[in-house]
Amino acid sequence: MALKPVLKLKIDELFLRWLSETDTQQLLRENLRQIVKGEPITSWPPGTGNIKSSRPASPRIRPSSPSTPPCSPPPGKSSPSPRSPRKAYNFSSKINARTAQLQNSKEQKEKEREIKEQEKDQKKTQPHSQPAQSQSHQTQSLQHSQQRHPRLPQSSRVPKFYFPMGPPVAREENDAMLQRVAEVFSAAEGAKIYKHQMEMVTKACDVPFYWKSLIFNSAGGDKYGFITLQSFTVLWKKLTANCHDDAARFVSLLAKPGCFYLTTEEFVPLIQDVVDTHPGLTFLQDAPEFHSRYVHTVIARIFYCVNRSWSGRITVHELRRSSFLQVLSILEDEEDINQVTEYFSYEHFYVIYCKFWELDKDHDLFINKEDLARHNDHAISTRMIDRIFSGAVTRGKNIMEGKMNYTDFVWFLLAEEDKRQPTSIEYWFRCMDLDGDGVLSMYELEYFYEEQVQKMEAIGIEPLPFEDCLCQMLDLVKPRDTTKITLGDLKACKLTHIFFDTFFNLEKYLDHEQRDPFANARDLDSEGPEVSDWDRYAAEEYEILVAEEGGVENPDDIQYEDDFEPDEDELVALEAEKLQLLDPPIKKGKPAGVSDIEDDLYDFTNEDLGY
C-alpha cells in the first residue's frame with residue numbers, strides 16, 4: 001500500500017525555506033535589476049554562492065529633473081526589450097565540428113588497430129623473449145609495491161575482532177560434544193532417535209530444550225520420522241563450520257537454505273511444538289481451533305520486539321540483540337506459561353484475541369476504520385485512524401485496501417497500550433510524520449491537535465490553546481532543535497506516552513491532566529523490577545474478561561485480597577468481639593428484644609475502644 005503524505009504542508013515549508021536563503025535573494029534581486037534595465041535574464045546554476053553578473057554593472061543614471069523616470073535608459077540609446085528574440089543559433093558550425101570530431105575518432109581507432117596487429121606479429125616472431133620481459137616487469141612492480149606498502153611484522157598486526165557469526169569455537173569442544181551425542185545414539189534402540197526422545201540430544205548438545213524440533217527437522221526427521229547418528233553428525237559439522245554462537249545456529253537451523261534471515265513462516269513449526277509439548281498449554285489440546293490463533297499471536301509479538309528494522313526479516317544481529325533466545329530457554333523450566341510474559345503468555349493472547357473479536361463484527365479476521373474507531377469507546381482520533389490505514393505502519397504483502405488483519409491489530413494494540421516501548425515510539429512517529437521527512441514539524445502537531453480541541457469542546461471542556469500545549473510538549477520532550485521533533489528526541493524522553501496521548505488519545509490525555517503532577521516523577525524514581533504498561537494492562541483486562549465470562553455483571557464487585565489496613569467498620573467489629581468476650585453471659589430471665597447498654601455495638605460511650 002503506497003504512502004499518502006500531505007504534500008501541501010511540505011511544499012509550503014520547502015518554498016519558504018528556499019525563499020529565505022541568501023543565494024536565492026541575491027539571484028532574485030539580480031534578475032529584477034535585469035528586467036528593469038531591459039537586459040536578458042541570466043540563469044544561474046543551483047548551489048552557486050555569491051552571484052555576480054558576468055558583465056560589468058552599468059551605473060545608474062541620476063535623474064536630471066523630477067520628471068525623469070528613475071530607471072529610464074540613457075537618451076539616444078534604445079535598450080533591448082526583455083521579451084526581444086534571442087540570437088540565431090548557428091547549427092551549421094556545430095554540425096561541422098561534430099563531423100570533424102567523428103573523423104578524428106575513426107582515424108585514432110585505425111591507428112590503435114594497426115599497433116595491436118604489430119604487437120601480435122612481434123609475439124609470433126619472438127616467442128622466448130616475451131616471458132622474460134613480462135616476468136621482469138612483474139618483479140619490478142612487486143618491488144615497487146613493497147616499497148610503498150611495507151609488510152608489517154607478525155606481532156604488530158591487529159587480531160580479528162569482528163565475527164558476524166559469532167567467535168569461533170575450539171575444535172576440541174565440538175569433538176567432545178559429538179562424542180556425547182554418539183553415546184546417546186548408541187544407547188537408543190536401533191541407534192535411532194525419534195522426536196519424543198530429542199530431549200536427550202538437546203542436553204548432549206547443550207542447547208535449549210525447544211530447539212529439538214529445529215534439529216530434528218534439519219537432520220531429516222520430518223521425512224523419515226527419526227534421525228541417525230550419521231545424519232546428525234553431517235548436520236552438526238556443517239552447522240559449526242560457519243555458525244559459532246546460538247543466534248547464528250538458530251537462524252541457520254530455522255531459515256530456508258541459502259537465507260540468513262527468518263520470516264514469519266519459519267517460526268510456525270517452532271511455536272506449534274511449544275503448543276504441543278509445554279505443560280502449561282495442555283488444555284489447548286481439546287481446542288485445536290485456537291492453535292493457529294495462539295501461534296500467530298506469538299509470532300506477531302516476536303517480530304514486534306525483535307525485528308527492529310521493520311523489514312519482516314529477523315537477522316542474526318537482531319536476534320542476538322533481543323531476549324528471545326533467553327526467553328525460549330526459560331520455557332523448559334517454567335511450567336506456568338503465563339509467568340513468561342514475554343511472547344508466550346496465554347493470558348496476553350486471550351486479551352488480544354478477545355479485543356479483536358469484539359471489533360470484528362462479521363468475524364472474517366479483518367476490521368475496517370469504523371471497527372477500529374470503536375476501540376476503547378472511540379478514544380483514538382479519526383485522523384490517527386486514517387493514518388494507520390494509510391500504509392504508514394502496515395506490513396506484509398497481503399494487504400487489503402481499507403482493511404486491517406489480525407497481525408496488524410496485534411501490533412496496534414501493543415503500541416497503543418505501551419507507548420514507552422521502542423517499537424511503539426517508532427509506530428506512532430510514523431503515523432504522525434505526515435510528509436515522511438523524518439521529523440515532526442509544528443504543522444503536523446497542530447494537524448492532530450485540532451481534532452482533540454474539537455472533542456474537548458463537544459464535551460464541555462475548555463481546551464488549552466495550541467501555543468500553550470506546544471510549549472508544554474517542547475518542555476516535556478526537550479528536543480535538540482525547538483523547530484522540530486525527531487525520533488531520537490522521543491526515544492530519549494521518558495514521558496513519551498504523555499506526548500503521544502496529547503495528540504490523538506483524548507481519554508488518556510485527560511487522565512494525565514487529572515493525575516498528580518508528581519506521580520510521574522515517583523514512577524521514574526521507583527526501585528525494583530519495573531512492570532511494563534502492557535503487562536499491567538493485560539493483567540487488568542484479563543481479570544475483567546474472566547469476570548464477564550463467569551457471570552459477574554459489574555467487574556468492580558470482584559473481591560480481591562489486599563494488604564491494606566482495616567477500615568473503621570472492621571475496627572468496630574473487632575472491638576465488639578472483645579467486649580462480648582469480656583462481658584458476663586446474658587441472664588436467662590431477660591426478656592427478648594431488650595438489651596443493656598453494654599451489649600449495644602453502636603454505643604460509643606465506652607471509653608476503651610482502641611481509638
Note to self: Can you say whether TYR449 is more than 17 Å from ASN307 (Cα to Cα), hydroxyl-bearing (Ser, Thr, Tyr) and touching a residue at least 60 places away in the same chain (Cβ under 8 Å), as far as the supplied structure shows?
What the structure shows: no
Notebook entry, point to check: Within region 374-391, how many residues turn out to be of a type in the set (Gly, Ala, Ser) and crowded, with 19+ Cβ neighbours inside 10 Å?
Noted result: 1
Margin query: Cβ-Cβ distance below 6 Å, separation of 6 or more or different chains: which pairs start in region 155-184 with a residue that is among the charged types (D, E, K, R) and end on one that is assigned to a helix (DSSP H, G or I) and surrounded by 13 or more Cβ atoms within 10 Å (Cβ to Cβ)?
Written below: ARG180/ALA204
Next item on the list: Check region 534-554 and report whether any residue there is modelled with pLDDT of 85 or more, under 27 Å from the mean Cα position of the chain (by Cα) and over 24 Å from LEU372 (Cα atoms).
Entry: no
Checklist line | Of residues in region 333-349 being in contact (Cβ under 8 Å) with a residue 40 or more places away in the chain and among the β-branched types (Val, Ile, Thr), the one surrounded by the fewest Cβ atoms within 10 Å (Cβ to Cβ) | finding: THR341
Check: From the list ILE352, ILE330, which one is of a type outside the set (S, T, N, Q), buried (at least 17 other Cβ atoms within 10 Å of the Cβ) and either touching a Leu at 6+ places or on another chain (Cβ under 7 Å) or farther than 22 Å from LEU413 by Cβ (or both)?
Finding: ILE352
Checklist line | region 360-370: number of residues that are open to solvent by less than 30 Å² (accessible area, probe 1.4 Å) and in contact (Cβ under 8 Å) with a residue 40 or more places away in the chain | finding: 1
Next item on the list: Taking the options LEU414, LEU445, LEU470, LEU464, name whichever one is under 17 Å from the mean Cα position of the chain (by Cα) and either assigned to a loop (DSSP other than H, G, I, E, B) or surrounded by 15 or more Cβ atoms within 10 Å (Cβ to Cβ) (or both).
Entry: LEU414
Item checked: Residue ID - surrounded by the fewest Cβ atoms within 10 Å (Cβ to Cβ), chosen from residues in region 233-289 that are outside any loop (DSSP other than H, G, I, E, B) and aromatic (Phe, Trp, Tyr) -> PHE283
Next item on the list: Output the number of residues of region 274-310 satisfying the condition of being under 26 Å from the mean Cα position of the chain (by Cα) and on the phi < 0 side of the Ramachandran plot.
Entry: 18
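The values are calculated or read from the model by the stated rules, or taken from the named source; none is laboratory data. This one's a predicted model, so the numbers in the text were calculated from it and none came from an experiment. Cβ sites come from the backbone with ideal geometry, for glycine too, and all protein chains shown count toward neighbours. Ligands, DNA and RNA are stripped out before the accessible areas are found, and what is left, the full protein with its side chains, is counted by its heavy atoms. Shrake-Rupley method; radii C 1.70, N 1.55, O 1.52, S 1.80 Å.
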